[in-house]
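The values are calculated or read from the model by the stated rules, or taken from the named source; none is laboratory data. Source: prediction; values computed, not measured. All Cβ positions, even for glycine, are placed from backbone atoms using ideal geometry, and neighbour counts span all protein chains on display. Quick note on the areas: whole protein, heavy atoms, side chains included, nothing else; ligands and nucleic acids left out. Shrake-Rupley method; radii C 1.70, N 1.55, O 1.52, S 1.80 Å.
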Amino acid sequence: MRKIAQAIDALNENTGYYSSFLVLPLLAVVSYEVIMRYGFNAPTTWGFEATTFLYGVHFVLGLGYTHKHNGHVAIDVFEARLASRTRTLLRIVVNLLIFIPTIGLISIWSVIYASTAWMQWEVASSSWAPPLYPFKTLMAIGFVLLFLQGIAKLIQDFHSLNQPAFFGE
């Protein structure tokens with residue numbers, strides 16, 4: 001089981017690293033749009049939508065990476081006062097009762113959402129009309145990666161309960 005958790009960690013680490021480079025085309029598109037709009041009074045028809053898509057993909061592909069590094073917002077006022085074994089047990093319960101079911105359902109529905117877009121060859125309703133199915137697919141992949149990272153954290157928490165350091169508390 002630890003090998004599975006390590007593989008998920010590596011997958012999210014690599015996905016987060018490589019998706020971070022999406023900032024570069026995002027910067028290029030935003031810069032181009034600003035120059036065209038304010039420098040030449042000739043805004044593009046695609047600039048705003050392209051920045052939305054690039055930022056959205058950048059954001060959603062970083063969800064698993066951020067969860068791996070405990071970067072999501074957390075209220076740990078109560079958790080910080082608990083012993084490490086109790087804290088781990090609390091994380092396991094919350095993961096099993098809230099995170100796994102919620103993110104699992106979001107993952108399932110985002111895959112359905114993406115597959116429906118592919119079946120319909122969905123395009124945006126703008127004058128540019130870019131295809132939406134690739135972006136919806138990347139969104140589904142991001143949520144599945146977040147779900148898998150939750151599984152990896154659950155495995156790691158169960159494993160840490162069996163460590164000798166916990167039994168001395």
- Query: Restricting the search to the stretch 1-45, which residues are open to solvent by 60 Å² or more (accessible area, probe 1.4 Å), over 20 Å from Val144 (Cα atoms), in a helix (DSSP H, G or I) and of a type in the set (Ser, Thr, Tyr)?
  - Reply: Tyr32, Tyr38
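Determine which member of the set Phe21, Phe48, Phe40 is at pLDDT below 95, on the phi < 0 side of the Ramachandran plot and out of contact with any Leu (no Cβ under 9 Å at 6 or more places or on another chain).
Numbers: Phe21 fails: at pLDDT below 95; Phe40 fails: at pLDDT below 95.
Checking each option against the conditions leaves just Phe48.
Limited to the stretch 120-140, what total is found for residues that are out of contact with any Pro (no Cβ under 6 Å at 6 or more places or on another chain) and either in contact (Cβ under 8 Å) with a residue 60 or more places away in the chain or within 19 Å of Leu22 (Cα to Cα) (or both)?
So in the stretch 120-140, the residues out of contact with any Pro (no Cβ under 6 Å at 6 or more places or on another chain) come out as 120-122, 125-140.
Adding the requirement that they be either in contact (Cβ under 8 Å) with a residue 60 or more places away in the chain or within 19 Å of Leu22 (Cα to Cα) (or both) leaves 126-128, 130-140.
Adding up the residues that qualify gives 14.
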- Item | Pick from the stretch 62-83, criterion open to solvent by 80 Å² or more (accessible area, probe 1.4 Å) and charged (D, E, K, R), ranking: farthest from Ala10 (Cα to Cα) | Arg81
- Residue list for the stretch 77-99, filter: out of contact with any Leu (no Cβ under 9 Å at 6 or more places or on another chain) and part of a helix (DSSP H, G or I): Ala80, Arg81, Ser84, Thr86, Arg87, Val93, Val94, Leu97, Ile98
